[in-house]
Amino acid sequence: MEHDPYAKAFPVPAFPLTSSDFPPGGPLPPSAYATTDGPGESPALSWGPLPEGARSLVVTAFDADAPIPGGLWHWAVKDVPASVGGLARGAADRLPPGASHLANDLGHAAYSGAKPPPGTGTHRMFVAVTALDVDVLEVPRGASLAMLHILMIPHTVGRAVLVGTSVAP
């Protein structure tokens, strides 16, 4: 089954999202994988122009093909200032002022790199940047990523999605 996590999301204007680390639909760079040496680095991202009214951004990464019900959220960052035009490779370790991580599905308030289990084929990593009409999205401490997405709904003014692929070593 090829699940697209944004297929049923309410429609909003799209804006450009690119990465110097991987082409749309192409393989994630080796640096984006988790290894025995560490959790991997978030890929470089560039976006814009943003829709009118954008004041902050939420950046997420989701493996729709993880072999668990519902897929696996690898990364979530909120309150990235709209004035920021992108994030450098590894920026998950040095977020812009005001931005903060939420715990991913592995329980880490950080980027957790791709690590498809052997025999599970090619995985699609949906990297999304969602533009919001607020400077700070109020999210209760310990909130799930499902709650993050629910709280974003009334504030969403645009969304960009870039898909990269990963394969078990």
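Every read-out reported here was derived from the displayed coordinates using simple, explicitly stated rules and does not represent laboratory data. Model, not experiment: these values are computed from the prediction. A quick note on method: Cβ atoms are made from the backbone with ideal geometry, for glycine too, and the neighbour counts reach across all protein chains shown.
What is the stretch 1-103 by shape, rounded, prolate or oblate, if you read a ≥ b ≥ c off the alpha carbon gyration tensor as root eigenvalues and call it rounded for a/c under 1.5, prolate for a/b larger than b/c, and oblate otherwise? Verdict is oblate for the stretch 1-103.
Each Lys or Arg adds one and each Asp or Glu subtracts one; over the other residues with Cβ under 10 Å from the Cβ of Val58, this totals +1.
Rounded, prolate or oblate, given the Cα gyration tensor of the stretch 38-84, with a/c below 1.5 counting as rounded? In terms of gyration-tensor shape, prolate.
Between the stretch 12-58 and the stretch 104-169, the C-alpha centres lie 11 angstrom from each other.
Restricting to Cα pairs below 8 Å that are 6+ residues apart, what does the relative contact order work out to for the stretch 17-167? Please round to a whole percent.
RCO, the stretch 17-167: 31 percent.
Entry note, the chain: the mean residue ellipticity at 222 nm calculated from DSSP H runs of n ≥ 4, each adding -39500 (n - 2.57), is -1500 deg cm²/dmol after division by the residues and rounding to the nearest 500.
The residues neighbouring Asp133, those whose beta-carbon lies less than 10 Å from its own, together hold a net charge of -1 under the Lys/Arg +1, Asp/Glu -1 convention.
Largest first, the extents of the alpha carbon coordinates of the stretch 79-169 on the three principal axes equal 42, 27, 24 Å.
Averaging over all projection directions, the Cα-based convex hull of the stretch 17-167 occupies 8.4 nm² in the image plane.
For Pro13, what is the net charge nearby, where nearby means another residue's Cβ is under 13 Å from its Cβ and Lys, Arg count +1, Asp, Glu -1? Surrounding charge for Pro13 is -1. Sorting Leu151, Leu106 from the fewest to the most surrounding beta carbons within 10 angstrom yields Leu106, Leu151.
Length available on full extension from Val12 to Val167: 0.36 nm per residue minus the Cα-Cα distance, which gives 52.7 nm.
Basic side chains Lys and Arg get +1 at the Cβ, acidic Asp and Glu get -1 at the Cβ, and with that the dipole of the chain about its Cα centre reaches some 40 debye.
With θ taken as phi - 60° and the Karplus curve 6.51 cos²θ - 1.76 cosθ + 1.60 applied, the whole-hertz 3J(HN,Hα) list for the stretch 45-60 is 9, 9, 9, x, x, 7, x, 4, x, 5, 10, 8, 10, 10, 10, 9 Hz, x standing for glycine and proline.
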